[in-house]
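In what follows, a single structure is set out as structure tokens and then discussed.
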Amino acid sequence: MPASPFVRHLPETLFNLSRHRLLLVLLALAALVIFSGIGLRSPWPADEPRFAEVAREMVASGQWLIPMRGGEFYPDKPPVFMWSIALFYWLTGNLKIAFLLPNALCSLLTLGLVFDMGTRLWNQRTGAVAVMLLMLAPQFLIQAQKAQIDAMVACWIAVACYGLIRHFFLGPAWAWYFVGWAFMGLGIITKGVGFLPALMLIPLLVMKLRDRSLFRDTLTWRSALGPLAMLAVVAAWLIPMVLYVNHLGTEEAFAYRDNILFKQTGERYADSWGHIQPWYYYLTSVIPALWFPLPLLLLALLRPLSETARYRPIIPVLLVWILLVLVFFSLSPGKRGVYLLPALPMLALVLAPIVSSQRPARWFPPVLTGLHLLIGAALLTVGVLAWNDHPRLVDKVSDYTSDPARLHEAGTLVFTMGSVWLLSLFGFWRSRPLGRLFAAMMVSWLLLSTWGYRILEPLRTPKNILAAAEQTIPPGGQLGMIDFREQFLLFSKRDFTHFSFFTSREQENRNAWLWMSDTADSYLLVAEQIELPCFTKEGAIPLGTAHRDNYLLLSDEQMTPSCATPDRIRRFTTSNPGDWLD
């Protein structure tokens, strides 16, 4: 079968390489893009400072079993991702490098698995195309360059899917089957949803019922032992954690156990308290933009895809699995775009053999070319508007800084990216649309993760606020914060006190007032809009703007003469948390 035009325009020498050399070339390209920003930026809100601080405290305290945030139990997520950051921090001594390494390495592993599956199921040309399709989807590289849990759990899910595919479609391979289940367990103690590959058994069982000759040697009674491997991995963390909690015997320890085992799992899925979205959220707000251009490609290849699915069972099995993952997350009222990431590698794998051998529908090339032109023109326009201080852009940037030079430099970056998109379009006009798009995307990611990081670093951290506070606080003075955020704790070079993440604002005020009464040279950092019944804002020192808020520094002069006693004294002090900055 002849190669598709997209593949024919790739250097033929690339596909003439041996399988291992081709894989190394692809991973080297991916590493160039994914690793380009490591060490160039600090952890950015909302999630990265939290995970980095938890990891820093693990190394500082030597207590790794239960994650701690500012000296208080952190029950929102299992510990595996924080363990990985802590391990690299312990090895390198550099948190700016360590916090991005786990996801970067996991993403390379995911790409390698996709290549290997494409090669084994079809050929190495298909494996290479699958890798490039996955790298095209913005969501994959966004998460590869972030310190959120989702890229890691997506990797473990990819390993589990790999194990099941090796067994059911290239096997029997019982070792890989049990490895797949074991990685589901690792996924569960990373983010709870690691069991998702087990949904692949649904279409497999349906096909087996329709045709008894299928999976004769792979879907047997022995398959029922797979979940034991998953449970064994979960138990490796769960049993020591429960024993440690029982040993501590404190109210806080039992609350951690109940929260991590029940509230953050079933209750969070069935009765979410945040990120509430309608059932169609992923279909309208996530897949079209963050998986672009794969949804368009799927539509353009529907006919050859359906024909291939008739004689290649792997195609319908993976498509049904992707649909089941989509339905699973759509049924929960709480939704975030990153939740759907684990399905993306399998979609790239499904599309790759068709892209490698078939032409898409006639409408696809002009539509993709038009979108390429539109994106390039839009980037150029935004760049010019930024240079001319367009009011909407000025208002947007004012949430982070009042320095117009920041907007102008950002405009130059955006204009440069627009130029890259248009140059790739017209400079490679005779090439195929997907190839042009791939070139534009990869160069854009390199610009964003180098030049873009340099622009955004001062705007995405509270360094300016803390530096201004430290000019007022005398040597040996302490800094406290009501409604604290992890980034302030992580970047503080002074001892930092908070008053529990799990208490009301009123109780925080009372505890902060009591702490300032008991502690010499103590100062309180607060967002300007926060109500302070135990303090006055008159005479407070303005510190500037960060993270869309204005901040004030309060001393004992802003304390009211009296304040109600808190129901329970709660204060957690971390000594010099910002020592990693030195």
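The values are calculated or read from the model by the stated rules, or taken from the named source; none is laboratory data. Just so you know, these numbers come straight off a predicted model, no measurement behind them. For neighbour counting, all protein chains shown are included, and Cβ atoms are generated from backbone atoms with ideal geometry for every residue, glycine included. What goes into the accessible areas is simple: the full protein's heavy atoms, side chains included, and nothing from ligands, DNA or RNA. Shrake-Rupley method; radii C 1.70, N 1.55, O 1.52, S 1.80 Å.
So the values come out like this:
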{"quantity": "Number of the exception - residue 268 against (1) open to solvent by 40 Å² or more (accessible area, probe 1.4 Å); (2) farther than 30 Å from residue 67 by Cα; (3) in contact (Cβ under 8 Å) with a residue 60 or more places away in the chain", "calculated": "(2)"}
{"quantity": "Given (1) crowded, with 17+ Cβ neighbours inside 10 Å; (2) closer than 27 Å to residue 401 by Cβ, number of the condition residue 548 does not satisfy", "calculated": "(1)"}
{"quantity": "Segment 222-252 - residue that is in contact (Cβ under 8 Å) with a residue 60 or more places away in the chain and crowded, with 17+ Cβ neighbours inside 10 Å and, of those, farthest from residue 176 (Cα to Cα)", "calculated": "245"}
{"quantity": "Helices (runs of 4 or more DSSP H) fully within segment 63-136 counting 1 or more residues that are in contact with an Asp or Glu (Cβ under 8 Å, 6 or more places away or on another chain) and either over 30 Å from residue 251 (Cβ atoms) or open to solvent by 10 Å² or more (accessible area, probe 1.4 Å) (or both)", "calculated": "124-136"}
{"quantity": "Members of segment 302-315 that are of a type outside the set (A, V, I, L, M) and open to solvent by less than 40 Å² (accessible area, probe 1.4 Å)", "calculated": "304, 308"}
{"quantity": "Condition check for residue 502: aromatic (Phe, Trp, Tyr), open to solvent by 30 Å² or more (accessible area, probe 1.4 Å) and touching a strand residue (DSSP E or B) at 6+ places or on another chain (Cβ under 9 Å)", "calculated": "yes"}
{"quantity": "From the options 326, 319, 299, 349, residue that is buried (at least 22 other Cβ atoms within 10 Å of the Cβ) and in a helix (DSSP H, G or I)", "calculated": "349"}
{"quantity": "Residue that is farther than 24 Å from residue 450 by Cβ and among the hydroxyl-bearing types (Ser, Thr, Tyr), where the choices are 398, 424", "calculated": "398"}
{"quantity": "Residue in segment 173-201 that is surrounded by the fewest Cβ atoms within 10 Å (Cβ to Cβ), counting only those that are touching a helix residue (DSSP H, G or I) at 6+ places or on another chain (Cβ under 6 Å) and among the β-branched types (Val, Ile, Thr)", "calculated": "179"}
{"quantity": "Residue 389 vs. criteria over 24 Å from residue 296 (Cβ atoms), open to solvent by 30 Å² or more (accessible area, probe 1.4 Å), of a type in the set (D, E, K, R) and free of Cβ contacts under 8 Å to residues at least 60 places away in the same chain", "calculated": "yes"}
{"quantity": "Pairs, first closer than 10 Å to residue 280 by Cα in segment 320-332, second aromatic (Phe, Trp, Tyr) and open to solvent by 10 Å² or more (accessible area, probe 1.4 Å), C-beta under 6 Å, six or more apart", "calculated": "330/279"}
{"quantity": "All positions within segment 272-288 that are assigned to a loop (DSSP other than H, G, I, E, B), surrounded by fewer than 14 Cβ atoms within 10 Å (Cβ to Cβ) and hydroxyl-bearing (Ser, Thr, Tyr)", "calculated": "280"}
{"quantity": "Index of the failed condition, residue 438 passing every other in (1) modelled with pLDDT of 95 or more; (2) among the aromatic types (Phe, Trp, Tyr); (3) closer than 21 Å to residue 581 by Cβ", "calculated": "(3)"}
{"quantity": "Test: residue in segment 513-523 that is under 30 Å from the mean Cα position of the chain (by Cα), farther than 11 Å from residue 563 by Cα and either in contact (Cβ under 8 Å) with a residue 60 or more places away in the chain or surrounded by 19 or more Cβ atoms within 10 Å (Cβ to Cβ) (or both)", "calculated": "no"}
{"quantity": "Output for segment 368-384, where each listed residue is surrounded by 17 or more Cβ atoms within 10 Å (Cβ to Cβ) and more than 13 Å from residue 420 (Cβ to Cβ)", "calculated": "368, 382"}
{"quantity": "Subset tally (residues that are over 30 Å from residue 389 (Cα atoms), assigned to a helix (DSSP H, G or I) and touching a residue at least 24 places away in the same chain (Cβ under 8 Å)) for segment 403-436", "calculated": "4"}
